[in-house]
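Encoded as structure tokens, the structure appears first; notes follow it.
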Amino acid sequence: MAVAVTRVLNPQFGQNCYAVQSSEEAADAVIIDPGGDPAPLLELGVDVAAILVTHTDIDHVLGVADLHRATGAEVWVPAGEADVLRTGAARAGGGVPPHDPEHLVGDGDWVRAAGLELEVVGIPGHSIDHVAYCVDGALFSGDLLFASSVGRVDLPGGDWETLIASIRRLLDRFGPDAAVYPGHGEPTTLGRELESNPFLGELRTGG
């Protein structure tokens, strides 16, 4: 199955939100990390079947409550960060409209929606309970790994060694050809980043 991925850029934060469909012709989609005004997502003309959150920084969850209200789609969020949505107190950048998520996820869980089966993989390091959603060789990795960069670790819950271990885990599990759809910047692959990302030198040397 080759999934169809539409990237919607949130200009307020330079953040990527993704609509993922089982095919280009599919009527419904899952939305990953709606970090701003939901209007551009609603204009895609797809039925929103689920709202998935990789982590709860403001630029990834600011639009969750509004998108839920507009579509009725249920929300999946990492269990260890759910209180951010419940209280509206985002870790980075201030408050967000609160929403009590319908589903809590963690490593090893699966989300089945819009004709997709997305595996949940725990990838802490940027935040305490960060997850990736993985389907058909595509990794929606939030703020763990970017093209030529990595997520920051200077906020509460961030840790450099944990972040590197999470990237190593993705490489071991999915291999170099896996496509990475990051929370900021252009898509890349795990192999491309292993070869050239200046922050991953210790992985190239076996550290």
So, first residue touching a residue at least 24 places away in the same chain (Cβ under 8 Å) and more than 17 Å from Gly201 (Cβ to Cβ) in segment 145-163, second residue of a type in the set (Ser, Thr, Tyr) and crowded, with 18+ Cβ neighbours inside 10 Å, Cβ within less than 7 Å, six or more apart or across chains; the pairs are Gly157/Ser127; Gly158/Ser127
Listed by first then second residue, the pairs whose first member lies in segment 108-120 and is under 13 Å from Val75 (Cα atoms), whose partner is among the hydroxyl-bearing types (Ser, Thr, Tyr), with beta carbons under 9 Å and at least 6 positions apart or on separate chains, are Val111/Tyr133
Across (1) of a type outside the set (Asp, Glu); (2) part of a loop (DSSP other than H, G, I, E, B); (3) more than 15 Å from Pro124 (Cα to Cα), Leu155 clears everything bar (3)
Residues of segment 160-200 being closer than 24 Å to Gly14 by Cβ and among the charged types (D, E, K, R), in sequence order, are Glu186, Arg192, Glu193
Scanning segment 150-170 residue by residue, those surrounded by 16 or more Cβ atoms within 10 Å (Cβ to Cβ) and closer than 23 Å to Cys17 by Cα turn out to be Val150, Gly151, Val153, Gly157, Gly158, Leu163, Ser166, Ile167, Leu170
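Values quoted throughout were computed directly from the atomic coordinates according to the rules given, and no laboratory measurement underlies them. What you are looking at is a predicted structure, and each value in this text was computed from that prediction instead of being measured. Using ideal geometry, Cβ is built from the backbone for each residue, glycine included, and neighbour counts are taken over all protein chains shown.
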